[in-house]
Amino acid sequence: MIDYLKELNKEQHRVVTEADGPCLVLAGAGSGKTRTLVYRVAYLVQKGIKPENILLVTFTNRAADEMMTRVKQLLGFKPDNLWGGTFHRIGNLILRKYANKLGYERNFNILDQEDSRTMVKHSMEDLGLNASGQNFPKASVVQGIISFSRNTNQDVAEVAQINYSYPEFIAVKIMEIAFLYDKKKKSANVMDFDDLLVNWLQLLEQFPEVKDRYAKQFEYILVDEYQDTNYIQAEIIKNLASFHNNVLVVGDDSQSIYSFRAADVKNILNFPKLFSKTKVYKIETNYRSTPQILDLANHIIKHNVDQFQKKLKADREDSILPTLIAARDDHHQAVSIVNRIMQLYRDGQNYQNMAVLYRATYQSAEIQLELSKQNIAYVVRGGMRYFEQAHIKDVIAYLKILANFQDEVAWKRILLMYEGIGQKKADGIWKKVSGCTELDELGSFDMKLTGKAGVSWDRIKIIFGYLAKLETKQRGFIAEAIEHILEHGYEAYLKNQYENYRERLDDLNQLLNFVAMYAELDKLLADIMLSESFAGKHENDDKAVVLSTIHQAKGLEWATVFIIGLRDGHFPHHKSIENPKELEEERRLFYVATTRAKDELNMLYPVRSFSYKFGEVFSKPSMFIRELDNTKYMEQGQQPFDDNDSDEDEVIYVD
């Protein structure tokens, strides 16, 4: 038998041995929630509950596999017939038995993302919509709108208008596409990933015999990461728990940061209202971070109104305070971090134990360049490197042609973005263009193209005609070139091409400021190429510094963490300031970032930056910093981590 008193702390032990009925377990960061769930399952089995009467639901296959393996190790045998897995896996198993009730055959196939996108595209074509042109959203964007609407239980047209800012006539068309897409799926006997949840819920709500069978079978239901559930998932759990009422959900409302994926923090906040006589347990002992880091984190999150009050307690000895660093500018922010990384490495800390976290990808551009220059291996988690993102490469392609008219790769990348120009036409255009020697020759260059291709070529000529007249070797001309590209077609292309076009547009607007400091185009392109070529060497390096968005860092930990860009208007994002709900999620994001650090936490912001439109701009630290008692951190304002950099200007700390 397992000695639960010996192997669990008091908080965990209470959950494992007492949590019958509806139970909400608020498990703080680094508090051992996975351990608690695993021991709870083992406890139930040892108490005599049959494995087939236990349902353990997780969010990732990796988490499910880890938990099932640990349960087996604890018990000393594999509990056969235990229902464990992701929501989608469990939904698939149940639909295999009852899909016929919904008009499907039981041998339905499951569409992956690419197949789903293809079927959406076919639906668009059947409705006479131009799936590949610039006048209507791309199939992947339409697919994203449909998916979000289903997981949030919202009207498709409403999501298209409110969340994606499309006009009503486009929103109505997207609704028609969604209807035809559903019809096609049923006709082909296929389901996409969303259907595995939506159809599962439909079975439970419309067929009492199905609901009764599984509600009676699952005597105990355990759900991991409940703060990340969406509307559909929460409704599924409510239906399944309707008979025995033994439902235990584990989560942390302070780490609910995925509303853009349809997660709804109200599911965990309202759990006690939904299930009467809910017992609320708090697991607040943190085994990861120092007391000083946790003290800071506790003071960050206490400013949120919609939350369960809790306080992380450290199981470690006192250490140094977190540090707030006022860097002179973005470049000095990057230099400061890289110097500290090199110092830590010299002191014996491996690169993989260090991470740089940021609110948005564009904030990492200077860091990537500086790491490359210092020959320090790094990997970007959860996304592409800043200069390798498609939208950045698209715009840079124009600059490459401005610097070198004979760049075939850049020419073809640009041509293929335009309506009416496919690979064959792009090859033909390039053959003729390659005979030119100067950019301004394009104005009188007749390709004899007709239709959409002809219109597109005229637009390309106009753009390059403008770029050819810019005064080069003058600071700001590169930013002016990019601004012209955005305003004359690329921004509209972006909106119709990408579901997350707003984030990509933010990247490009920040690129304007980044390039504005360069007077020489060749120097900019050389720096970009250095970053790309160096980073590619370490793509799979497990001994590299980690660069990650905070969203992608959730659930991970490092000895040393740097949080960058903590300045007003950037973190929290300026668009969230007037929306209390969004502002609280931004604060939770900051909380998640700080609790990734085990030993050392450094928070940085640039005091000044250069804006292409407004010139030199001075920044305050983030409102999240200004909310804190300044005894929770120590400040560094001048030459952070860099005592030898005396030729630089003094940093002015702006209140």
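The values are calculated or read from the model by the stated rules, or taken from the named source; none is laboratory data. Just so it is clear, the structure is predicted and the values come from calculations on it, not from any experiment. Glycine also receives a Cβ, built like all others from the backbone with ideal geometry; neighbour counts cover every protein chain displayed. Each accessible area value is taken on the protein alone, full model and side chains, heavy atoms only, with ligands, DNA and RNA left out. Shrake-Rupley method; radii C 1.70, N 1.55, O 1.52, S 1.80 Å.
Using the Cα gyration tensor of the stretch 327-433, with a ≥ b ≥ c the square roots of its eigenvalues, what is the shape: rounded (a/c below 1.5), prolate (a/b larger than b/c) or oblate (neither)? Please list the in-between numbers first.
Working: a/c = 3.12, a/b = 2.83, b/c = 1.10.
Prolate, since a/c reaches 1.5 and a/b exceeds b/c.
What is the distance in Å between the Cα centroid of the stretch 500-520 and that of the stretch 576-602?
24 Å
Answer with one residue from L74, S123, G454: the one whose Cα lies farthest towards the positive end of the charge dipole of the chain, charges on Cβ with Lys, Arg +1 and Asp, Glu -1.
Towards the positive end, the residue furthest out is L74.
Beta carbons within 10 angstrom, averaged per residue: use that to sort the peptides 489-495, 197-203, 317-323, highest first.
Working: 489-495: 18.3, 197-203: 21.7, 317-323: 14.6.
Going by the mean number of other Cβ atoms within 10 Å, highest first, we get 197-203, 489-495, 317-323.
Could you please state how large a percent of the accessible area of the chain is carbon and sulfur, counting protein chains only and using a 1.4 Å probe?
Numbers: 13240 of 28630 Å².
In the chain, the share of accessible area belonging to carbon and sulfur is 46 percent.
Compute the accessible area per residue over the stretch 217-277, keeping the other protein chains in place, probe 1.4 Å, unit Å².
On the way: 2030 Å² over 61 residues.
On a per-residue basis, 33 Å².
What does the charge dipole of the chain about its Cα centre add up to, to the nearest 20 debye, if the Cβ of each Lys and Arg holds +1 and the Cβ of each Asp and Glu holds -1? Write out the running numbers ahead of the final one.
Details: 83 positive and 93 negative charges, 503 e Å.
So the magnitude is around 2420 debye.
Say the dipole of the chain comes from +1 at the beta carbon of Lys and Arg and -1 at that of Asp and Glu; which of Y501, A516, A365 then lies farthest toward its positive end?
Positive-most Cα among the choices belongs to Y501.
Between V455 and S434, what FRET efficiency follows from the Cβ-Cβ distance if R0 is 25 Å, with the result rounded to 0.05? Write down the numbers at each step before the final one.
Numbers: r = 23 Å, r/R0 = 0.90.
The formula returns an efficiency of 0.65 here.
For Rg and Dmax of the Cα atoms in Å, one of [x] 27.3, 91; [y] 23.8, 78; [z] 27.4, 86 was computed from the structure I shared and the rest are decoys. Which label?
Working out Rg and Dmax of the Cα atoms in Å from the coordinates points to [z].
Which residues among the stretch 169-201 fall inside the zone where the amide N is under 13 Å from a point 7 Å beyond the Cα of N107, along Cα→Cβ?
Label zone hits: 189.
In nm, give the distance between the simple-model label positions of L5 and R96, each being 7 Å from the Cα along the Cα-to-Cβ direction.
The two pseudo-label positions are separated by 4.4 nm.
Give me the one-decimal nm value for the distance between modelled label points at Q202 and L530, 7 Å along each residue's Cα-to-Cβ direction.
Using points 7 Å along Cα→Cβ, the separation is 5.7 nm.
Order 27-36, 156-165 from most to least packed using the mean count of other Cβ atoms within 10 Å. Walk me through the numbers before you get to the answer.
Details: 27-36: 22.6, 156-165: 18.0.
Packing order, densest peptide first, comes out as 27-36, 156-165.
May I ask for the net charge around V57, where only other residues with Cβ less than 12 Å from the Cβ of V57 are counted and Lys, Arg are +1 while Asp, Glu are -1? Let's see the in-between values first.
On the way: positive: R89; negative: D224, E225, D228.
Charge balance in the 12 Å sphere: -2.
For the stretch 109-172, what does the accessible surface come to per residue with a 1.4 Å probe? Please give it in Å². Please list the in-between numbers first.
Numbers: 2990 Å² over 64 residues.
On a per-residue basis, the stretch 109-172 sits at 47 Å².
State, to one decimal in nm, how far the label point of H488 lies from the label point of K50, with both points 7 Å from Cα in the Cβ direction.
Computed distance between label sites H488 and K50 equals 7.3 nm.
What's the extension gain from N500 to T278 if we count 0.36 nm per residue and subtract their Cα-Cα distance? Provide the component values of the computation, followed by the final result.
Numbers: separation 222, 0.36 × 222 = 79.92 nm, distance 3.83 nm.
My answer for the length gained is 76.1 nm.
Pairs to check: K575/K620; K373/K469; K598/K632. Give those whose C-alpha atoms are more than 22 Å from each other in this structure.
Details: K575/K620 17 Å; K373/K469 33 Å; K598/K632 16 Å.
Listed pairs above 22 Å: K373/K469.
Counting helices only, and only those DSSP H runs with n ≥ 4, report the 222 nm mean residue ellipticity of the chain as the sum of -39,500 (n - 2.57) divided by its residues, in deg cm²/dmol to the nearest 500. Show your work: numbers first, answer last.
Values: 28 runs with 310 residues, N = 655.
After summing the helix terms and dividing by the residues of the chain, the value is -14500 deg cm²/dmol.
Residue by residue through the stretch 213-230, what is 3J(HN,Hα) from phi via Karplus (6.51 cos²θ - 1.76 cosθ + 1.60, θ = phi - 60°)? Round to whole Hz and write x for glycine and proline.
Along the stretch 213-230, the couplings run 4, 7, 5, 6, 5, 7, 5, 10, 10, 10, 10, 8, 6, 5, 5, 9, 6, 9 Hz.
Taking θ as phi - 60°, what are the ³J(HN,Hα) couplings along the stretch 455-460 by the Karplus curve (6.51, -1.76, 1.60), each to the nearest whole Hz, with x for Gly and Pro?
Coupling constants for the stretch 455-460: 4, 5, 5, 4, 5, 5 Hz.
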